[in-house]
Each structure stands twice: as C-alpha cells, then as structure tokens.
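S.K.: I'd like to ask some things about the structure below.
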Amino acid sequence: MPPSSSAISNGLFRRYPGNPLLSPNRWPYMINAVMNAGAALVDDATVLLCRVEDRRGLSHLTVARSSDGFSNWVVDEEPLLESGPGLLHESWGVEDPRLTRVDELDAWVIAYTSFGPGGPGLSLATTRDFRTVERLGMVRAPEDKNGALLSRRVGGDYILFHRPVTHLTARADIWLSRSKDLHSWSAPEPVMSARPGGWWDSARIGIGPPPMETSEGWLLIYHGVRQTVAGALYRAGLALLDLDDPSRVLKRCAEWVLGPSEPYELVGDVPGVVFPCGLTRPPGSDEIRLYYGAADTTIALATASLPELLAFILEHGEAE
C-alpha cells in the first residue's frame with residue numbers, strides 16, 4: 001500500500017539537528033528575542049537578516065553570516081535597519097524582512113513591516129552588500145504586512161505579494177500588486193485566501209519567503225494560522241503559482257508540511273509558531289534551505305529536496 005499524503009508530507013522537510021541556529025544568548029548585545037529572518041546567498045556565504053526584538057519590545061533588523069549556512073554564525077555588532085529620527089512610520093520598529101535578489105537592479109530588495117502609530121505598513125529598501133541600505137519608503141499603507149517581491153518582472157511589472165487588512169472585511173489573505181518602478185503600486189489583486197471552517201490555515205494566511213521560480217511555476221511557501229483555545233497555531237504550507245500570471249494558483253496542498261513539534265517551537269514568547277521568511281538554494285544543488293522563526297524567540301532551519309517538493313505539490317495539490 002502506498003504511503004498516505006500525510007506520511008509523505010511529514011518527511012518533506014528535515015530539521016537541522018543543530019537547531020536553533022540563532023538564539024538571544026548568541027547576540028553580541030542585549031536582546032529579548034531573534035526570529036523571522038530573510039535569507040540570501042552572497043558570494044560564498046549565507047546572510048540572514050534577522051528580526052531582533054529588544055528589551056523595550058521594539059524590533060530592528062541585524063545581519064548574521066555563515067560560510068556554510070548552518071553553523072559558525074557571525075552577528076554584526078550593529079543593526080542594518082532600525083527606526084530613526086523622522087521615520088514616524090517606523091517609530092515602533094521594523095519587522096519580518098524578506099530578501100529578493102533582483103539582477104536588473106544589481107541589488108537585493110528588502111521587503112519589511114514598518115510599524116508606527118498608524119499600524120503596520122509595508123516598506124521597501126535595497127542593499128548591494130548588507131552593510132548599507134537605501135530606503136524606498138512605505139509602499140503599502142497600514143494595515144499591510146508580509147511583503148515579498150518576485151525576483152524578476154512579469155509582464156513588464158515588478159510583483160509584490162502582501163497582506164492588506166481593512167476594517168470592511170477584516171480578512172487576512174495573500175494579495176499582489178504590480179509596479180513599473182518599485183514606488184507606485186497598483187490596487188491589490190487577490191491570490192489566495194484563508195480556508196473557512198476548521199482548516200489549519202483558517203484564521204489567516206501570509207507569504208513566507210519570496211516565491212522561488214521553478215520549471216513548474218513559482219514555488220510558494222506560506223504560513224497559515226489556526227485559532228485554538230490555547231492561542232494561535234502557526235504552520236507552513238505549499239502552493240504553486242503560474243509563471244506568467246502569479247495571481248493564478250495552479251496547485252495548493254491541503255495539508256501543512258511543517259508545524260511546531262520541537263521544544264524550541266513550542267516554548268518561547270509565542271508558543272506554537274513556525275514562521276518561515278527565508279529560503280535559499282545553493283548553486284548546483286537540489287537542496288533548499290528554509291529559515292524560520294520558532295516560537296517568536298529563535299531562528300531554526302529545515303531542508304528539503306526541491307524535486308520532491310514539486311512532485312508532492314503536483315500529485316497532492318489541488319487547483320484553486
């Protein structure tokens with residue numbers, strides 16, 4: 001008898017035995033928590049741009065580097081992005097970065113949540129070396145978050161995934177907007193919604209890392225939330241988007257593929273959280289590395305085979 005889809009999906013992602021990779025006691029200055037890191041391959045190193053929460057409860061973004069993407073992380077002594085004078089929309093912190101290499105710009109684009117008195121909005125910045133940044137400013141007004149940019153234009157436009165929430169609907173789904181210049185953006189278009197009822201992703205969903213281009217479509221890893229009597233439970237799921245029309249969901253898997261089960265995912269500031277933000281694929285390799293926040297306290301890593309992921313989605317995913 002062939003294995004059930006549950007048996008297959010439970011083995012797709014393999015946690016790194018050395019988890020958690022980064023924790024507050026590894027930081028060169030006093031912090032409360034580290035989580036939700038964007039990831040990039042820069043020269044021969046892996047760069048994580050980590051959300052760091054200080055003892056005030058406010059967040060900034062700091063770089064950590066590793067030569068192999070697993071161990072011997074070196075953390076910068078100072079943040080790369082933090083709130084400063086004249087930045088009212090970031091005065092309560094900057095959070096949850098996603099990193100996209102855009103060859104056209106010869107730079108990485110950082111999409112991040114900028115938190116201020118108006119609520120959480122979505123801002124962009126660029127960097128060529130992860131030592132200096134150029135802010136592009138807020139591009140989606142509150143409430144909006146969970147932003148990630150595609151690595152190339154589609155139909156002449158940059159594509160930005162994000163999660164707008166309005167008082168009219170109070171829904172928290174995945175949408176996209178289009179832009180010619182990274183400054184002016186079109187009205188949001190729906191992509192994928194939280195499922196109704198008792199599903200694992202019924203309360204809200206949001207983009208994980210920037211979708212990865214593959215021969216079968218844009219590989220989308222997203223987080224889904226289920227509200228339980230013990231609080232919100234965050235897990236990760238899979239979908240595949242059309243290469244030429246990323247608003248079109250080709251396949252969406254019914255089951256979550258990574259959820260909190262280890263002590264570092266179950267115990268922390270927010271128990272029961274797996275929150276992916278970073279994804280890398282070493283050159284010439286079929287291995288992908290998923291970097292995720294665990295319990296809003298540490299950063300962990302899980303690896304998977306890209307061909308296995310795509311085969312699973314194509315066999316078990318359903319058309320939207």
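S.K.: I'm told TYR29 meets every condition in (1) modelled with pLDDT of 95 or more; (2) crowded, with 17+ Cβ neighbours inside 10 Å except one. Can you identify the failing condition by its number?
M.R.: Here TYR29 clears every test but (2).
S.K.: Just one of GLU265, GLU318 is acidic (Asp, Glu) and more than 18 Å from ALA37 (Cβ to Cβ); which is it?
M.R.: GLU318
S.K.: Looking at the stretch 283-307 only, could you name the residues that are farther than 15 Å from LEU219 by Cβ, within 18 Å of the chain's Cα centre (by Cα) and not in a strand (DSSP E or B)?
M.R.: If the condition is that a residue be farther than 15 Å from LEU219 by Cβ, within 18 Å of the chain's Cα centre (by Cα) and not in a strand (DSSP E or B), then ALA295, ASP296, THR297 are the ones that fit.
S.K.: Pick from the stretch 265-282 the residues that are assigned to a strand (DSSP E or B) and either of a type in the set (A, V, I, L, M) or in contact with a Lys or Arg (Cβ under 8 Å, 6 or more places away or on another chain) (or both): which of them is nearest to ALA64 (Cα to Cα)?
M.R.: Per the criteria, the residue is GLY278.
S.K.: Looking for something assigned to a helix (DSSP H, G or I) and either farther than 29 Å from VAL102 by Cβ or touching a residue at least 24 places away in the same chain (Cβ under 8 Å) (or both) - is there at least one such residue anywhere in the stretch 26-35?
M.R.: Yes; the residues of the stretch 26-35 include at least one that is assigned to a helix (DSSP H, G or I) and either farther than 29 Å from VAL102 by Cβ or touching a residue at least 24 places away in the same chain (Cβ under 8 Å) (or both).
S.K.: Kindly evaluate GLU320 against the criterion of being under 25 Å from PRO188 (Cβ atoms), outside any strand (DSSP E or B) and in contact (Cβ under 8 Å) with a residue 24 or more places away in the chain.
M.R.: Considered against the rule, which asks whether it is under 25 Å from PRO188 (Cβ atoms), outside any strand (DSSP E or B) and in contact (Cβ under 8 Å) with a residue 24 or more places away in the chain, GLU320 comes out as yes.
S.K.: Can you find a residue in the stretch 78-86 that is more than 14 Å from THR113 (Cα to Cα) and either buried (at least 24 other Cβ atoms within 10 Å of the Cβ) or of a type in the set (Asp, Glu) (or both)?
M.R.: Checked the stretch 78-86: at least one residue is more than 14 Å from THR113 (Cα to Cα) and either buried (at least 24 other Cβ atoms within 10 Å of the Cβ) or of a type in the set (Asp, Glu) (or both).
S.K.: Restricting attention to the stretch 117-133, does a residue exist that is among the hydroxyl-bearing types (Ser, Thr, Tyr), on the phi < 0 side of the Ramachandran plot and touching a Lys or Arg at 6+ places or on another chain (Cβ under 8 Å)?
M.R.: Looking for residues that are among the hydroxyl-bearing types (Ser, Thr, Tyr), on the phi < 0 side of the Ramachandran plot and touching a Lys or Arg at 6+ places or on another chain (Cβ under 8 Å), one finds at least one in the stretch 117-133, hence yes.
S.K.: Look through the stretch 206-219, keep the residues that are over 10 Å from the mean Cα position of the chain (by Cα) and aliphatic (A, V, I, L, M), and return whichever of them is farthest from ALA148 (Cα to Cα).
M.R.: Ranking the candidates gives LEU219 first.
S.K.: How about the stretch 34-60: which of its residues are closer than 28 Å to PRO282 by Cα and touching an Asp or Glu at 6+ places or on another chain (Cβ under 7 Å)?
M.R.: MET35, ASN36, ARG51, HIS60
S.K.: A follow-up question, please. Modelled with pLDDT of 95 or more and within 22 Å of LEU219 (Cβ to Cβ): is that true of LEU150 in this structure?
M.R.: Here the answer is yes, as LEU150 does meet what is asked.
S.K.: Being of a type in the set (Asp, Glu), part of a loop (DSSP other than H, G, I, E, B) and out of contact with any Leu (no Cβ under 8 Å at 6 or more places or on another chain) is the filter here, so list the residues in the stretch 64-91 that pass it.
M.R.: Selection gives ASP68, ASP76, GLU77, GLU78.
S.K.: Could I ask something else about it? Of all residues in the stretch 101-129, count the ones that are farther than 14 Å from ASN146 by Cβ, of a type outside the set (A, V, I, L, M, F, W, C) and surrounded by 20 or more Cβ atoms within 10 Å (Cβ to Cβ).
M.R.: 1
S.K.: Quick test of your reading of the structure: PRO260 fulfils all but one of (1) touching a residue at least 60 places away in the same chain (Cβ under 8 Å); (2) under 30 Å from GLU53 (Cα atoms); (3) not hydrophobic (A, V, I, L, M, F, W, C). Name the failing condition by number.
M.R.: (1)
S.K.: Any residue at all in the stretch 15-24 that is outside any strand (DSSP E or B), at pLDDT below 95 and among the polar types (S, T, N, Q)?
M.R.: No, because not a single residue in the stretch 15-24 is outside any strand (DSSP E or B), at pLDDT below 95 and among the polar types (S, T, N, Q).
The values are calculated or read from the model by the stated rules, or taken from the named source; none is laboratory data. All values reported here derive from a predicted model rather than from experimental measurement. Because the Cβ atoms are built from the backbone with ideal geometry, glycine has one as well, and the counts that use them run over all protein chains shown.
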